[in-house]
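> First the structure, then my questions, so here it is.
The values are calculated or read from the model by the stated rules, or taken from the named source; none is laboratory data. This structure is a prediction, so every number in the text was calculated from the model and none was measured. A quick note on method: Cβ atoms are made from the backbone with ideal geometry, for glycine too, and the neighbour counts reach across all protein chains shown. Just the protein is used for accessible areas: all its heavy atoms, side chains included, with ligands, DNA and RNA removed. Shrake-Rupley method; radii C 1.70, N 1.55, O 1.52, S 1.80 Å.
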Amino acid sequence: MDAPVLSIEDLASAFGSNRVLTSVGFELRERETLGVIGPNGAGKTVMLNIITGILSPDRGRIVFLGRDISRKSVVDRARMGFGRTFQIPRSFENMTAYENSLVGAVFGAGRTEKSAGTGVCEILDLIGLGGKKLDPAGKLGLLDRKRLEIGVALASNPRVLLLDEVAGGLTESEITEIMGIVRRVKDSGVSVIWIEHVMQTMLHGTDRVMLLNEGRNVICGLPEEVMSSGEVEDAYLGSGIHARTERRG
Ligand SMILES: Nc1ncnc2c1ncn2[C@@H]1O[C@H](COP(=O)(O)OP(=O)(O)OP(=O)(O)O)[C@@H](O)[C@H]1O
Ligand SMILES: [Mg+2]
């Protein structure tokens, strides 16, 4: 089997007495979409922040394409090949979809505006925003905002795309659209880590699913196996909430 794109080794992270991650370790393979589920507060976003360099772990290593990047800055990691979305959307309201994506290319990948233009247009087509590239981000509907979040992350030309709950609040048919985008991204050669509570995305939009709970990755395997496992039920029941299956609309 190919060497992993990304190896996460024994991550631990605490905020004061709140021990959020105690030991998280897994591998992300070439052209793989790895789903990550776990109850609210399990540390999914903290894990993403550690991978991208926003937070430093108390222990553990991050190895990207065989190289230890644990001490690299956020900017260095972005330029080496990491793109991400944020749980709270961060697009610039008054700038167009095109301009927002250009910001991703210029700051994320260190491109010049001039050289990034064509790539940005291709990305906007891939995510289904080609016809709205001149619309201000603030005027876009929720689905298009989510598309744009992914587009901005892709504009830095990542090898690894990290998605933090991009399907939340969408209807079932809108979620299907997002799943289609993620599939096209993967087919273009990008490996994806996709954090989501929405069952449908984990079952039908990933290659493997990992459950994060009580500070560690509890199980990782084929989507059907993991999603129907007792561990997932226990994790969500224990937290007092359920994995979200119903959608509005
Ligand atoms: N910068 C921070 N400072 C202090 N505590 C933090 C910080 N970031 C996260 N935490 C704490 O870490 C824990 C895990 O938070 P995290 O946001 O990673 O959860 P999550 O699994 O992403 O949950 P959700 O599904 O609700 O998004 C929570 O107890 C949170 O309060
Ligand atoms: Mg989170």
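> Please verify whether Arg67 is exposed (fewer than 15 other Cβ atoms within 10 Å of the Cβ) and either over 18 Å from Ile150 (Cα atoms) or modelled with pLDDT under 95 (or both), treating the condition exactly as stated. Break it down into steps so the answer makes sense when it comes.
On the way: exposed (fewer than 15 other Cβ atoms within 10 Å of the Cβ): yes; either over 18 Å from Ile150 (Cα atoms) or modelled with pLDDT under 95 (or both): yes.
When the stated conditions are applied, Arg67 passes them.
> Right, something else. Has the range 133-143 got any residue that is over 22 Å from Leu11 (Cβ atoms), among the acidic types (Asp, Glu) and either within 16 Å of ligand 1 (Cβ to nearest atom) or more than 14 Å from the chain's Cα centre (by Cα) (or both)?
Looking through the range 133-143, at least one residue is over 22 Å from Leu11 (Cβ atoms), among the acidic types (Asp, Glu) and either within 16 Å of ligand 1 (Cβ to nearest atom) or more than 14 Å from the chain's Cα centre (by Cα) (or both).
> Determine whether the range 154-172 contains at least one residue that is assigned to a helix (DSSP H, G or I), at pLDDT 95 or above and surrounded by 19 or more Cβ atoms within 10 Å (Cβ to Cβ).
Within the range 154-172, one or more residues are assigned to a helix (DSSP H, G or I), at pLDDT 95 or above and surrounded by 19 or more Cβ atoms within 10 Å (Cβ to Cβ).
> Right, something else. Identify all residues within the range 1-16 that are open to solvent by less than 30 Å² (accessible area, probe 1.4 Å) and either within 21 Å of Ser156 (Cβ to Cβ) or within 15 Å of ligand 1 (Cβ to nearest atom) (or both); write none if there are none.
Those that are open to solvent by less than 30 Å² (accessible area, probe 1.4 Å) and either within 21 Å of Ser156 (Cβ to Cβ) or within 15 Å of ligand 1 (Cβ to nearest atom) (or both): Val5, Leu6, Ile8, Leu11, Ala12, Ser13.
> Could I ask something else about it? Could you grab the pairs with beta carbons closer than 9 Å, sequence gap of 6+ or different chains, first residue in the range 148-167 and over 18 Å from Arg31 (Cα atoms) and among the charged types (D, E, K, R), second one assigned to a loop (DSSP other than H, G, I, E, B) and more than 16 Å from ligand 2 (Cβ to nearest atom)?
Qualifying pairs under 9 Å: Glu149/Ser91.
Yes or no, residue by residue, for (1) touching a helix residue (DSSP H, G or I) at 6+ places or on another chain (Cβ under 7 Å); (2) among the acidic types (Asp, Glu); (3) at positive phi:
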| position | (1), (2), (3) |
| --- | --- |
| Leu65 | no, no, yes |
| Ser73 | no, no, no |
| Gly81 | no, no, yes |
| Phe92 | yes, no, no |
| Glu99 | no, yes, no |
| Gly108 | yes, no, no |
| Ile127 | yes, no, no |
| Lys133 | yes, no, no |
| Leu140 | yes, no, no |
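> Quick one: in the range 17-48, of everything that is open to solvent by 30 Å² or more (accessible area, probe 1.4 Å) and within 16 Å of ligand 2 (Cβ to nearest atom), which residue is farthest from Gly230 (Cα to Cα)?
Here the answer is Asn18.
> While we're here: Where the second residue is near ligand 1 (Cβ under 6 Å from one of its atoms) and the first is of a type in the set (A, V, I, L, M) and lies in the range 40-56, which pairs have Cβ atoms under 6 Å and are six or more apart or on separate chains?
Here the result reads Val46/Val20, each pair linking the range 40-56 to a residue that is near ligand 1 (Cβ under 6 Å from one of its atoms).
> How about the range 112-147: which of its residues are in a loop (DSSP other than H, G, I, E, B) and without any contact (Cβ under 8 Å) to a residue 12 or more places away in the chain?
Thr112, Gly141
> Can you name the residue in the range 219-238 that is farther than 20 Å from Glu27 by Cβ, surrounded by fewer than 19 Cβ atoms within 10 Å (Cβ to Cβ) and not small (Gly, Ala, Ser) and is also modelled with the highest pLDDT among such residues?
Filtering the range 219-238 for residues that are farther than 20 Å from Glu27 by Cβ, surrounded by fewer than 19 Cβ atoms within 10 Å (Cβ to Cβ) and not small (Gly, Ala, Ser), the one modelled with the highest pLDDT comes out as Glu224.
> What number of residues within the range 173-199 are open to solvent by 50 Å² or more (accessible area, probe 1.4 Å) and assigned to a loop (DSSP other than H, G, I, E, B)?
1
> Could you check the range 200-209 and list, in sequence order, the residues that are surrounded by 24 or more Cβ atoms within 10 Å (Cβ to Cβ) and assigned to a strand (DSSP E or B)?
Val209
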